[in-house]
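The structure appears below as structure tokens.
No lab work stands behind these numbers, since they all come straight from the coordinates. Everything quoted here is computed from the prediction, not taken from an experiment. Neighbour counts are summed over all protein chains in view; Cβ atoms, including those assigned to glycine, are modelled from backbone coordinates with ideal geometry.
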């Protein structure tokens, strides 16, 4: 009995800490690694890669029958799956965290869940848990490991909804069955929390029911009991920590101090060989610069093939992204949102002490760069990644005027990066926190 009490007491203490009211300062501390990370890699891996069709939505919307969709289980081999190589590539890209699908809306788990037989271990030729070795490889690289989990499960027989035009039952009319589904769902959450202890939970599929039906508050409290430092995305019906805009760069800085743009490389989340509408490395890098300039992160998606290999187009983008992030790391990681576009017509970031301003140049300048409206005196300027000093001067600032004047900066063409050039301005005083950075 004493041994049992000694085990229960720490769990109760952890639960009390996890469920206590978190102060803004405590939340900021918990979110710090996410704020500093800037870049993550999203991975949509599942049986939908076998035929190269839309993940889950293809059967839900009637593009293929459910039966034919599930036949893809027979072709999911993962025979060339190399989690160490995946981790190496993700680290090379400059990403500081990754998020992988534990299961999509089709309910096919990538690990050997005990809650059902619908997993790649029991139902596919892969016959192995794909998440455990991936988590091991990612953490050995020193990266944060996140996990995507679909709250809804269109394959689970106790889940009310099934196809776009077909439901199994009205949950209001059968709360017993709905609670049975919630028991199943929470069982998988418990498995994942225990086995993988994600640094970040990336929920999806919450739109079909409200927070009371999902018991979102209880989910959050439970996950924080397992790991008080874990981070939860916004798709938990108001019980998340940060916003997740999808495939659309915000024009203005979001109100939330923490946000992340999740974005595909082409037009598909999972592997679709016919989708060749890939963004160029330049487009990806410019979008990334926009995100961090507005104080956010980019979660860039890859969709591996059914055999576990990553399409060459995606590898090429990640490698060029890695070249660029390595060169410009000081302007990316650990920075905060930059100055307004009214001051500088491009993305910018600031060091945490706000005494270094990084300007991103996403095209060849015609003449000098100009910064207007900034009152801070510039001590020196240089090209990030090269160190070359730059000439600059201030115009339109007579000695008797309090106006900030116009800062002109020379950027020789031979110093430009082939994608996006970054220059640093070292400032005599910190830039004021006018914009909630």
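Using 0.36 nm times the number of residues separating residue 403 and residue 71, minus their current alpha carbon distance, what extension gain do you get?
Computed gain between residue 403 and residue 71 is 112.6 nm.
When the Debye formula is applied to the Cα atoms of the range 241-395, each taken as the same point scatterer, what base-10 log of I(q)/I(0) results at q = 0.10, 0.14, 0.17 Å⁻¹?
The calculated log intensity ratios at q = 0.10, 0.14, 0.17 Å⁻¹ are -0.42, -0.78, -1.07.
Between residue 315 and residue 163, how many nm apart are label points set 7 Å from Cα along the C-beta direction?
Each label point lies 7 Å from its Cα, and together they span 4.0 nm.
Over 17 Å, how big is the tail of the calculated P(r) for the range 330-389, in percent of all Cα pairs?
41 percent
Using 0.36 nm per residue of separation minus the Cα-Cα distance, give me the extension gain between residue 341 and residue 29 in nm, one decimal.
Contour length minus the Cα-Cα distance gives 109.4 nm.
Taking the convex hull of the Cα atoms, report for the chain its projected area averaged over all directions, in nm².
Numbers: hull surface 98.5 nm².
For the chain, averaging the hull's shadow over all directions gives 24.6 nm².
Rounding to the nearest 10 and keeping the result within 0 to 90°, find how far the Cα-based axis of helix 83-93 lies from the longest principal axis of the chain.
So the inclination is approximately 20 degrees.
Note down the relative contact order for the chain as a percent, whole number, built from C-alpha pairs under 8 angstrom at least six residues apart.
The normalised contact order for the chain reaches 16 percent.
Over the range 86-236, what per residue volume does the convex hull of the Cα atoms give, in whole Å³? Before the final figure, lay out the partial values.
Values: hull volume 18.2 nm³, N = 151.
Looking at the range 86-236, the number lands at 120 Å³ per residue.
For residue 396 and residue 229 in one chain, what is 0.36 nm times their gap in residues minus the Cα-Cα distance, to one decimal in nm?
The span from residue 396 to residue 229 would gain 55.1 nm if fully extended.
Taking Rh as the Kirkwood radius, which is the inverse of the mean 1/r over Cα pairs, what is the Rg/Rh value for the range 85-142?
1.04
Helix-only mean residue ellipticity at 222 nm, the chain, DSSP H runs n ≥ 4 weighted -39,500 (n - 2.57), per residue, nearest 500. What is it? Intermediate results must be reported in sequence, preceding the final value.
Working: 14 runs with 134 residues, N = 437.
Roughly -9000 deg cm²/dmol at 222 nm, from the helical runs in the chain.
What is the fewest-to-most order of 235, 177 by other Cβ atoms lying within 10 Å of their Cβ?
177, 235
Using Cα atoms only, what is the angle between the long axis of helix 131-140 and the major principal axis of the chain, expressed in degrees (0 to 90) to the nearest 10?
The helix 131-140 is inclined about 30 degrees to the chain.
Quick one: go through the range 180-212 and flag any residue whose amide nitrogen is under 15 Å from the point 7 Å out along the Cα-to-Cβ line of residue 256.
Under cut-off, by backbone N: 200-207.
Mind sorting 364, 122 by how few other Cβ atoms lie within 10 Å of their own Cβ, fewest first?
Listed from fewest to most nearby Cβ atoms, that is 364, 122.
Once the Cα gyration tensor of the range 243-319 is diagonalised, what are the square roots of 5 times its eigenvalues, in whole Å and ordered largest first, as equivalent ellipsoid semi-axes?
Numbers: eigenvalues 126, 30, 20 Å².
Ellipsoid half-lengths, sorted descending, are 25, 12, 10 Å.
Out of every Cα-Cα pair in the range 336-427, what percent are more than 22 Å apart?
On the way: 913 of 4186 pairs.
Roughly 22 percent, rounded to a whole number.
Output the 0 to 90 degree angle, nearest 10, between the alpha-carbon long axis of helix 2-19 and the longest principal axis computed from the alpha carbons of the chain.
With both axes taken from Cα atoms, the answer is about 50 degrees.
Assuming R0 = 22 Å, can you tell me the calculated FRET efficiency for the pair residue 212 and residue 170, based on Cβ-Cβ distance, to the nearest 0.05? Present the calculation step by step, with values, prior to reporting the outcome.
Numbers: r = 16 Å, r/R0 = 0.72.
With R0 = 22 Å, the Cβ-Cβ based efficiency is 0.90.
When every alpha-carbon pair in the range 12-139 is counted, what percent end up more than 24 Å apart?
The share of Cα pairs beyond 24 Å in the range 12-139 comes to 46 percent.
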